[in-house]
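J.: To start, I am sharing the structure in question, which I have written as structure tokens.
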Amino acid sequence: MHVTGIVKAVRPSSRLVQITVPSMAQSVASNAAKSSFLPTEARDELHPLVPHAIKKDPKLAGNWKKKAPGDLSDDELIAMPDSEYMNDVQMTAFRLKLVALKNGILSNAGETTEHLREDTSVMPDPADRATIEEEHALELRTRDRERKLLKKIEQAISRIDANEYGYCDETGEPIGVGRLLARPTATLSLEAQQRRELKQKMFGD
């Protein structure tokens with residue numbers, strides 16, 4: 001006796017289709033938000049890498065004498081002798097990095113203005129409108145963070161002009177090229193920053 005199996009076709013639920021196949025409006029809004037996110041430099045600034053031991057390549061130690069400041073790589077800046085810390089070459093190199101970061105933020109602000117001008121009233125689907133409004137809110141939050149970062153960038157440029165850039169506000173000690181590359185707006189050495197964060201955890205602001 002043979003039992004014939006019956007295969008029942010299962011239609012995907014409407015909810016599954018909705019999850020796996022986003023609407024055109026949702027795709028457009030998502031792409032707009034992604035294009036408005038921070039440039040790499042700004043993302044690193046807002047979410048700096050965990051500090052690690054900096055190793056100098058002795059083969060690169062003299063490259064700063066042969067290249068323009070804007071052409072020096074991060075490794076070449078790190079490899080410079082400690083005796084040349086925050087000389088004219090390093091000051092100029094960090095100024096260029098800060099100006100590029102500033103220009104990237106200003107460019108993002110202009111893109112956000114254009115995105116917010118897009119008319120969403122023609123979309124009859126409330127879900128699509130809600131998605132775009134959420135993306136706009138995300139853009140605005142990102143721009144607000146960039147606005148605060150922009151102020152720090154301008155302050156850092158002013159410190160370069162005053163020949164005070166690269167030194168800890170609390171101790172007067174060098175902040176270090178490696179830390180400044182990870183966070184160009186840093187005003188405290190790593191140790192001073194850790195002490196401040198520990199104090200804030202213990203006693204609050």
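J.: Sort out which residues of region 167-205 are within 24 Å of the chain's Cα centre (by Cα) and of a type in the set (D, E, K, R), and write them in order of number.
T.: Hits for region 167-205 are 169, 179, 183, 191, 196, 197.
J.: Hey, can you tell me all the residues within region 61-91 that are of a type in the set (A, V, I, L, M, F, W, C) and either at pLDDT 95 or above or touching a Leu at 6+ places or on another chain (Cβ under 6 Å) (or both)?
T.: Just the residues of region 61-91 that are of a type in the set (A, V, I, L, M, F, W, C), to begin with: 61, 64, 68, 72, 77-80, 86, 89, 91.
Answer for region 61-91, where residues must be of a type in the set (A, V, I, L, M, F, W, C) and either at pLDDT 95 or above or touching a Leu at 6+ places or on another chain (Cβ under 6 Å) (or both): 64, 68, 72, 77, 78, 79, 80, 86, 89, 91.
J.: Kindly indicate whether any position in region 184-204 is at pLDDT 90 or above, among the basic types (Lys, Arg) and under 24 Å from residue 91 (Cβ atoms).
T.: Among the residues of region 184-204, not one is at pLDDT 90 or above, among the basic types (Lys, Arg) and under 24 Å from residue 91 (Cβ atoms), which makes the answer no.
J.: Let me ask something additional. Inside region 39-60, can you point out the residues that are of a type in the set (Asp, Glu) and either more than 18 Å from residue 93 (Cα to Cα) or at pLDDT 95 or above (or both)? Quick ask: steps written out before the conclusion?
T.: Kept after step one, since they are of a type in the set (Asp, Glu), are these residues of region 39-60: 41, 44-45, 57.
Scanning region 39-60 gives a single hit, 57.
The values are calculated or read from the model by the stated rules, or taken from the named source; none is laboratory data. Bear in mind the structure is a predicted one, so any value in this text is a computation, not a measurement. Positions of Cβ are backbone-derived with ideal geometry, glycine not excepted, and every protein chain shown enters the neighbour counts.
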